[in-house]
Each structure stands twice: as structure tokens, then as C-alpha cells.
1. Quickly run through segment 6-29 and pick out the residues that are surrounded by 18 or more Cβ atoms within 10 Å (Cβ to Cβ) and within 22 Å of G394 (Cβ to Cβ).
2. Keeping to segment 39-48, report how many residues are within 17 Å of S73 (Cβ to Cβ) and crowded, with 21+ Cβ neighbours inside 10 Å.
3. In segment 131-195, which helices (runs of 4 or more DSSP H) lie fully inside it and hold 3 or more residues that are surrounded by 19 or more Cβ atoms within 10 Å (Cβ to Cβ)?
4. Within the bounds of segment 225-239, is there any residue that is charged (D, E, K, R), part of a loop (DSSP other than H, G, I, E, B) and under 29 Å from D371 (Cβ atoms)?
5. Restricting to segment 324-381, and then to whatever is in contact with a strand residue (DSSP E or B) (Cβ under 9 Å, 6 or more places away or on another chain) and on the phi > 0 side of the Ramachandran plot, can you tell me which residue is modelled with the lowest pLDDT?
6. If you take the residues in segment 367-394 that are closer than 25 Å to L427 by Cα, of a type in the set (A, V, I, L, M, F, W, C) and not in a strand (DSSP E or B), which one is nearest to the chain's Cα centre (by Cα)?
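The values are calculated or read from the model by the stated rules, or taken from the named source; none is laboratory data. All of these numbers come straight from a predicted model, not from anything done at the bench. Cβ placement follows ideal geometry from the backbone for every residue including glycine, while neighbour counts extend to all protein chains displayed.
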Amino acid sequence: MLAVQLGELVGGTPPGVDEALDVVAGFDEALAHGFGRLGEEQGAALTALAGALAGSPLGGPVAEAVEKVAAGSVADAHLVTLAGARTALFGAVHDALAGHLDAALGRSRSEWEAPGPGAAEAENLLSGCRSWLGELAIAGWRGVDHDLVSASDQAIEAALAEPRLRGLGVLLDGLAAELRASCPVATMGRLPARRWSDLWARGMLLSHPGTPGQAAETVSGRLLLLGVDVHEHSTAVQVQVHALLESAGEPPRLVRVSAGATKVDTIVGPAVWRLLGEHPVLLGALAERRTVDVQDVLLTGGDLLWDDGRAEAGDVADPFATARVQLGEALAAAVRPLDRHPVRIAEPVLLEGYTVNGTALELDGRSLGIDLDRLPASGPLTPELVAASSACIGLVRWDGQWRVQPLAVQATVKKKPVEAHNGDWALGPTDPKVVKAEARSGDAVAVLRERAGRLLRK
């Protein structure tokens, strides 16, 4: 990223973004209070939401929904409309920020093509999910107790058992788990109101019959890996690989490959890679920095549905050389409407020739924040290496301001060039100190698997 591009990126927020976020914050506060007992302030927040959408096709339905909810008539249709209005506002913010970022990077993006109608879903299961989400909206986050959380159990269990609704089931299961851990919510000093409202709105829309899916295509070609983002919490881990897909006769396309697994909170650090052993081709390509040839894999938006059986490791390829030569001309994928949210912006970039000053990198008088909190413990990349670096492959994100999340760096340590990538330890750590530490503590994954096998045999 050149200094002029960096200047364009950090030069300011697109018009209307702050105002739209203020409207969303007002809605989230009303949802925290509960639609069943709206006060004057909460009613004004819903009216502001209707005003923000007044000039859009949603204007009439949103105004009607606000009027009905304010009068105490809270129906499923009104809540779905309000969830759609909130999602539309965040979609507008996403589009403004993503357009600003694409312009700064000179990046082209595919046009969104709406898919055809999907398969019919079990309306009774969707209705059960909407019913619980409706109860949450009426009670508000401050009114959530153990009984209200437990009321979700049957609907979530049914959704998880239906393959077509598994995504919705996982989302609601996660929301219920967070609420259960926070009960009684009324005693909490500070609510994660935006996060819970994000989950609530997405759940309402996913549980509405006819919500469009994602258009899919079958692709073949060569993957050139750029870097991997590791998402981890106490019960799950997911790695999301960012790569370029080369197909015959087409420009390179930015794609993502995801693989995940459940875990327990004692499996941390480099040990999480052992949970992903069902994907040896992907892990080997990350650790050895190789290309991957894929054949007839499904691509939805920018996400490849990974199948190790349809992949074969190729030649060694330097991710930094790939980024320097091809990243600038890569075509980014369109984002479906339901996924247009600023928190989902994560665009791969190459940064070079900068210096690091604390938690920001500087280039020709321009400064961009560095998100060090996202550095995973499962790889060799550390804040010290980032501070010593002068080149970085990272993801540009927005959390009120633009930041870069490093995925790989080139640095100079003790006058020697060093290169570190998040995926370097995908086949096991290569740092002798880490290897010794793991040897002393034992293989937690192997121990837990052996204990689980012993229990199953009893």
C-alpha cells in the first residue's frame, strides 16, 4: 500500500456513517430496555430509525412497525421489519466503508447477483426460533433471566438437528450461551448491546421464510496462499485462509478457505492445529508455504467450501512475492446483503517500507493503527516481530477507525532478516523453546482423545 493510498484510507470517514451508527445505537438501547415497556426516549429512537429509512423501499413498512410496537402491538412481522431496517442501515455503513477502502486500494469487486429461490424450509422450526427472539425483544436484555434463556432449548435443538437450519441453530445457541453466562443480565454494569443486537437481528432474518441464500459456482484452479487468520475461543477454533484463486482465462480472485473444530478451554496455543488434522493438504500448504491445486470445489461469494480430497499441494510459493505481483489486480467477491456489516470487513493488503511507532505503522507522515490483540498464540508472530518489521501482509479492518491485523511480517532481528507467518506452525511448532514447553506440558489433544475413547468403550 503506497503512502498516497494510506492517506486516502485514513483521511476521514465517509459522509453519513457516524449519523447512521448513532441511529443504530439508539435502536440497540431501545432493544436493551425492551419493546414491551418503551419509554419516551426509546420510542424516539425507533422513530429515528423509521426516519432514517423514510426515503427507501423499507420506509413504509418500518414506519408501520414502529407505530405498532410503540402502541404495544409487537408481532413477528413487525420485529422482522425492524431487524431488516437495522441490518439495512449497517449495510449502508458497510458499503460506504468498503467502497472507501476499495477506492484507496484500487481494488475491483464483483457485482452482487441475487440467487434464485432456495429450497422450502421447515416453517414450524423457524417459527419456534422467531418466537423466542420475539420474547427477548419484548423483555429486553435487562429483562433476561434463566427461565427466558431456557425457553430457547427446544427451538435450538430442533434447528441444530435440521441440516438446512444448522447455521441459524449455531447462532442462536451461541446467543443463548452468552445470555445464560450473563444471567441475571439486570445486574451487569455494561451490556455488549451491539453484539447481542447483531445476533438478534441476524437471527430474526435467518428465521424468516424466504431469506435469500448465496449463489454458488463450481471452480477449479490454483490457490496462492496469502495468510491465515485464526479465530479461537474456549469451545471452538476456526482458521480462515486468505488466498488468490487462479483459473484459466480469468483474473485472480480473492477467496477465503475456512476450517474449524470444537475444543475445550485447555487446548490452547499451537495445540489447536492438531484439532484440524482432517485437513492435511491445507495445513501442509500453510506450514510449507505451498500453492494448492483444487478441482471442482464449490465457491459461494468469496468462500471456498473446502474438501481436502479435491486438493493437492503444489510448488513452494512466497506469499510476499504473490502479494507484490498479483494482489493489486485481484478481483474481490461481492458481499450478500445479509453479510454487509462493518465488522465483517477484512481485506488483505501488502504494506511495505513503513516504520512502527508503538501500536501504529507510519509511512511518509501517514499513520495506520495495528491490531495486536488479534495475534494468535498458535503461531510465531509476536508484537516484538511486528515492531521490528518493515513489510506486512495483513487484513484491513474497521472498528471506528481503520486498523491492520498482521498475518505475516518480514523483519530484521539482530541484523538478520526474519519472516514469520501465522500458519508456520500448522504442522507443529518450529521454535525450539515452544517445542520444549509442549514436551513438558504433554499433548493435551492426545490425552483428551484417549480419555474420550476410554469412556466410550465402557
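1. Within segment 6-29, L6, E8, L9 qualify.
2. Of the residues in that region, 2 qualify.
3. 153-161, 166-182
4. Residues of segment 225-239 that are charged (D, E, K, R), as a first pass: 229, 232.
With part of a loop (DSSP other than H, G, I, E, B) added as a condition, the list becomes none.
No, segment 225-239 has no match at all.
5. G358
6. Among residues in segment 367-394 that are closer than 25 Å to L427 by Cα, of a type in the set (A, V, I, L, M, F, W, C) and not in a strand (DSSP E or B), the one nearest to the chain's Cα centre (by Cα) is L375.
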